[in-house]
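Just below is one structure, and these are the notes that go with it.
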Amino acid sequence: MNVEINGPKILGYLFGNTNLPITETMRNAWIIMAFILLLCIFLTHRMEKIPKGKQAFAEKAVLMIDSLVDSTMGEGCRAFSPYIMTLMMSSLFGSLASLFWMRSTTADLNTTLGWAIITFILITYNKIKFGGIGGYLKGFLEPIFVMAPLNVLSEIATPVSMSFRHFGNMAGGLVITTLIMGALKVLSNAVLGFLPDNIALLQIGLPGVLSLYFDCFTACMQAFIFSMLTMAYVGDARNS
């Protein structure tokens, strides 16, 4: 069985500089951003005082995100709703891209690490904003000063764990699906050797079931978990 599992392909280089590659992930991310933009324009086009149809759906989605932000982060945090909605949609559609013959953007650590770093910046900003720079630095010495190294590691571990959790689940699904597809092709050639090599009959059915889990269920769960962790960490930073 000859199966190759590689990272995102390099499609070219920006300004011809080999240090600035344009990857498959970057291309797919721009496609997803364009899709989200067009979806938002479509849902908010010709809005009316009495919502119905697509407008009612859009308003319901906004109310759900606002309610989720209120219950997770506390009152007065609705300014974060646009970011949480954007994060959730980018994660969901980035993971579901594999259903449309594109490599999932979330199967690239650069994507999830970028989101985690933004969340880490928001956490640090809110800790300093609501606790002051002195309170932020003092937090590293609690409960006793000898805990400072562990507290620093704990702070750094937040974006690392968030990014690797999301990336690991999506990349793991990609690897498992690819290996199973390769194994089914070998089994199909062994059992149904009378068929042409390009017809792997046993690949029909099981990959679709796996896709429902790895591409759909896991994509929805990871988008929700990453967004919930972002709200929980930032909300805690505001209230600490």
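Which GluC sites (Glu not before Pro) in segment 38-109 pass both tests, a DSSP loop state and at most 15 other beta-carbon atoms within 10 Å? Mind showing how you got there, number by number?
Working: sites: GLU48, GLU59, GLU75; in loops: GLU48, GLU75.
Listed in order of number, the matching sites are GLU48, GLU75.
Surface listing: VAL69, VAL152 arranged by accessible area from highest to lowest gives VAL152, VAL69, probe 1.4 Å.
Once a ≥ b ≥ c are taken as the square roots of the eigenvalues of the Cα gyration tensor of segment 1-145, is the result rounded (a/c under 1.5), prolate (a/b larger than b/c) or oblate (a/b not larger than b/c)? Don't jump to the answer; show the numbers that get you there.
Numbers: a/c = 2.32, a/b = 1.11, b/c = 2.10.
Oblate, because a/c is 1.5 or more while a/b does not exceed b/c.
How large is the charge dipole for segment 95-167, taken about the Cα centre, if only the Cβ atoms of Lys, Arg (+1) and Asp, Glu (-1) carry charge, to the nearest 20 debye?
Working: 5 positive and 3 negative charges, 22 e Å.
Using only the charged Cβ atoms, the result is roughly 100 debye.
In percent, rounded to a whole number, the relative contact order of segment 26-93 is 29, using alpha-carbon pairs under 8 Å and six or more apart.
Under 15 Å of direct C-alpha separation, and excluding same-chain neighbours fewer than eight residues apart, LYS138 reaches these aspartates and glutamates: GLU155.
The values are calculated or read from the model by the stated rules, or taken from the named source; none is laboratory data. Note that this is a predicted model, so its numbers are computed, not measured. As a convention, Cβ positions derive from the backbone with ideal geometry for all residues, glycine included, and neighbour counts pool all protein chains shown. Quick note on the areas: whole protein, heavy atoms, side chains included, nothing else; ligands and nucleic acids left out. Shrake-Rupley method; radii C 1.70, N 1.55, O 1.52, S 1.80 Å.
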